[in-house]
1. For the range 1-50, give me each residue that is aromatic (Phe, Trp, Tyr) and closer than 30 Å to Met241 by Cα.
2. Could you count how many residues in the range 7-55 are among the aromatic types (Phe, Trp, Tyr), farther than 21 Å from Asp75 by Cβ and surrounded by 11 or more Cβ atoms within 10 Å (Cβ to Cβ)?
3. Look through the range 137-170, keep the residues that are under 14 Å from the mean Cα position of the chain (by Cα) and under 27 Å from Asp90 (Cβ atoms), and return whichever of them is surrounded by the most Cβ atoms within 10 Å (Cβ to Cβ).
4. Residues Val151, Val116: which one is touching a Phe, Trp or Tyr at 6+ places or on another chain (Cβ under 8 Å) and of a type outside the set (Phe, Trp, Tyr)?
5. So, in the range 2-43, exactly how many residues are in contact with a helix residue (DSSP H, G or I) (Cβ under 6 Å, 6 or more places away or on another chain) and assigned to a loop (DSSP other than H, G, I, E, B)?
6. For the range 69-173, list the strands (runs of 3 or more DSSP E) that sit wholly inside it and hold at least 3 residues that are within 17 Å of Arg198 (Cβ to Cβ); which are they?
7. May I ask you to verify whether Leu66 is in a loop (DSSP other than H, G, I, E, B), under 30 Å from Lys136 (Cβ atoms) and either hydrophobic (A, V, I, L, M, F, W, C) or touching a residue at least 24 places away in the same chain (Cβ under 8 Å) (or both)?
8. Quick one: which helices (runs of 4 or more DSSP H) sit completely within the range 199-267 and have at least 3 residues that are free of Cβ contacts under 8 Å to residues at least 24 places away in the same chain?
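Throughout, read-outs are computed from the coordinates displayed, never taken from laboratory work. Worth saying up front: this structure is predicted, and the values here are computed from it rather than measured. Here the Cβ is made from the backbone with ideal geometry for all residues, glycine too, and neighbour counts use every protein chain on show.
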Amino acid sequence: MLDIIFPEWKNMNSTFLEEKEPNIEEILKLNPDIIFVYGQGHKEALSNINVPIVDFNSKLDGQTWLKKQDKLIRDIFEISEEGFIEKELDAINKMITEAKGTQENVNGQKALIIGVNSGKDISIRGPGAFAHELLKLTLLSDVSEELGVPVANASMEQIYAWNPEIIYLFKGIPAGKYLSNQIENQDWSKVQAFESKRIYDTPKGMMHWGSPNPDTPLALHWMLTKNFPDQFPEDEFQKNMKRYYKENYNIELTQELMDSILYPNKK
């Protein structure tokens, strides 16, 4: 999607970063009016530059962070109209609140998010990670809650003990390999999510939907279609997605383009 919104990105001068560290000399050559950074390290490295610096890093929850950054950017660039992200987040939160009153299985379904499965190590996302927030917001119970950390490796024995009903995948081995049980030394047939075929690759639009991003309202709606398919039909979600991309990015989503976002590992 970045190629459509900002096709020049591949030709951008990136010499101002060297192995993720800012190159002050190259930055000054760009003569910036403002510098956006993510993290205290970059902010401190640029502290002697006489240019305003805005740090996007925050310990706020994902939704609050998105709303805050959206407002900050609109203030900086003097964009007066109402923030689209805030409006869309409020709308999806209203849908979730209404679902709480109608679903008997609220927070009853056990779910797991796998950040990366290399085939050897399985890195899961737990409390403190945005992924954990996604599960809770979409009315699931995070089986990794007991770990109390945002990132940890889990063995197959631990996953068998958790026995999640739904699994979301961020990176690494795609869902098709799980569902066909073709991952060496990992037997996923013993997990309930395998039996019910509820193992999903996370979509990738403007960014990966597993992190706070401009598509987060859609990510929440998409997860609701997987968690509660009877209440949140796929066709209604796709209509909403087309509207969202048109209003927010001025992109007319074809079915092919939509499928490339929703099924990033489909060949």
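1. Selection gives Phe6, Trp9, Phe36, Tyr38.
2. Result for the range 7-55: 1.
3. Filtering first and then ranking leaves Tyr168.
4. Val116
5. The number of residues fulfilling the criteria is 2.
6. Those strands (runs of 3 or more DSSP E) span 110-117, 166-172.
7. No.
8. Once the helices (runs of 4 or more DSSP H) in the range 199-267 are filtered for at least 3 residues that are free of Cβ contacts under 8 Å to residues at least 24 places away in the same chain, what remains is 234-249, 255-262.
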